[in-house]
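Scroll down for the structure; my scribbles are underneath it.
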Amino acid sequence: MRKKFVAGNWKMHGNLAHNQKLLEAVLKNTTNLRQSEIAVCVPFPYLSAIQAQLKNTHIKWGAQTVSEYDKGAYTGEVSTEMLNDFGCKYVIVGHSERRAIYGENSQTVALKYIAAQKAGLIPILCIGETLEQREGRITEQVVGEQLNAVIEKAGAGSLMKSVIAYEPVWAIGTGKTATPQQAQDVHEFIRKSIAAHNTTIASKITMLYGGSVKADNASELFAMQDIDGGLIGGASLVAEDFAAICEAAQN
Ligand code: 13P
């Protein structure tokens, strides 16, 4: 059975005092939840403080993006080596906000994914369709292309050391969650697409759903066969809500 995984994506939120309080409460409210993996992906400037607070606890941490380059004249960028300096386990790559607002395409995302793995980080690869694409009935095509861009560059075997997050763009920050069946259908499609390359990896890979996951809808989403947990935005900023979502992920 795949271990459930709940990751918070704080996006561009927080400050030192708030983060510390939030994590204190999350640590306290999740101490007994050892059957699932829990992580928070935080803004770069807080990695040092988060490392100090979370090391030797049951909660892991990571970043929300990373440079595809090792080092050099890339003003404003952060490298995988820098993330390793701060003990990151995970890094989100290809979040729809990075694709839509910062122009990251599937090729760049694949390079970031490869850079992360090369440094021993686990990429959380985000894929998902827009509302227009869903209404145009091309969800599988879009998600399939986003996944294949990574498989073509990194090889299907690389998926063994990655996490996939299916995040329909229309469900992110909108309060409109995909129904458990809608999410399950796409997860099943993704798992089958991976199985076409490697059935072992398909059965083992952790696949998260993201998009308006809340304390009151997490259980039914996580109960679906191919959904192994969630990538949580807004609700990860409220300790009780995030802890309740982690609780819903106990196998
Ligand atoms: P919300 O949970 O706020 O919809 O955000 C989802 C998300 O984008 C996580 O990466």
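Name the residues in segment 33-45 that are touching a strand residue (DSSP E or B) at 6+ places or on another chain (Cβ under 9 Å) and in a helix (DSSP H, G or I), would you?
Matches in segment 33-45: PHE44 only.
Tell me, which residue of segment 51-87 that is within 16 Å of the ligand (Cβ to nearest atom) and outside any strand (DSSP E or B) is most open to solvent (accessible area, probe 1.4 Å)?
The qualifying residue most open to solvent (accessible area, probe 1.4 Å) is GLN64.
Inside segment 191-216, can you point out the residues that are open to solvent by less than 20 Å² (accessible area, probe 1.4 Å), at negative phi and either within 15 Å of the ligand (Cβ to nearest atom) or touching a Gly at 6+ places or on another chain (Cβ under 9 Å) (or both)?
ILE201, MET207, LEU208, TYR209, GLY210, VAL213
Do we find a residue being in contact with a Pro (Cβ under 6 Å, 6 or more places away or on another chain), crowded, with 20+ Cβ neighbours inside 10 Å and not in a helix (DSSP H, G or I) anywhere in segment 92-108?
Looking for residues that are in contact with a Pro (Cβ under 6 Å, 6 or more places away or on another chain), crowded, with 20+ Cβ neighbours inside 10 Å and not in a helix (DSSP H, G or I), one finds at least one in segment 92-108, hence yes.
Taking only segment 95-133 into account, find how many residues are within 16 Å of the ligand (Cβ to nearest atom) and more than 27 Å from HIS58 (Cβ to Cβ).
Final tally of qualifying residues: 15.
Do you know which residues across segment 35-46 are open to solvent by less than 10 Å² (accessible area, probe 1.4 Å) and within 16 Å of SER67 (Cα to Cα)?
CYS41, VAL42
Can you find a residue in segment 222-230 that is within 10 Å of the ligand (Cβ to nearest atom), open to solvent by less than 10 Å² (accessible area, probe 1.4 Å) and of a type outside the set (Gly, Ala, Ser)?
no
Quick check on my filter: what residues within segment 168-190 are open to solvent by less than 70 Å² (accessible area, probe 1.4 Å) and within 11 Å of the ligand (Cβ to nearest atom)?
PRO168, VAL169, TRP170, ALA171, ILE172, GLY175, THR177, ALA178
Just one of (1) assigned to a helix (DSSP H, G or I); (2) touching a residue at least 40 places away in the same chain (Cβ under 8 Å); (3) over 28 Å from LYS4 (Cβ atoms) trips up SER48, so point out which.
For SER48, the failing item is (2).
From the list VAL150, VAL142, which residue is open to solvent by less than 30 Å² (accessible area, probe 1.4 Å), away from the ligand (no atom under 16 Å from the Cβ), without any contact (Cβ under 8 Å) to a residue 40 or more places away in the chain and out of contact with any Pro (no Cβ under 8 Å at 6 or more places or on another chain)?
VAL142
Given the criterion under 30 Å from LEU16 (Cα atoms) and touching a Leu at 6+ places or on another chain (Cβ under 6 Å), identify the matching residue among ALA239, ALA248.
Among ALA239, ALA248, only ALA239 is under 30 Å from LEU16 (Cα atoms) and touching a Leu at 6+ places or on another chain (Cβ under 6 Å).
The values are calculated or read from the model by the stated rules, or taken from the named source; none is laboratory data. For clarity, every value in this text was computed on a predicted model and none was experimentally measured. Heads up, the Cβs are rebuilt from the backbone with ideal geometry, glycines too, and the neighbour counts pull from every protein chain shown. Ligands, DNA and RNA are stripped out before the accessible areas are found, and what is left, the full protein with its side chains, is counted by its heavy atoms. Shrake-Rupley method; radii C 1.70, N 1.55, O 1.52, S 1.80 Å.
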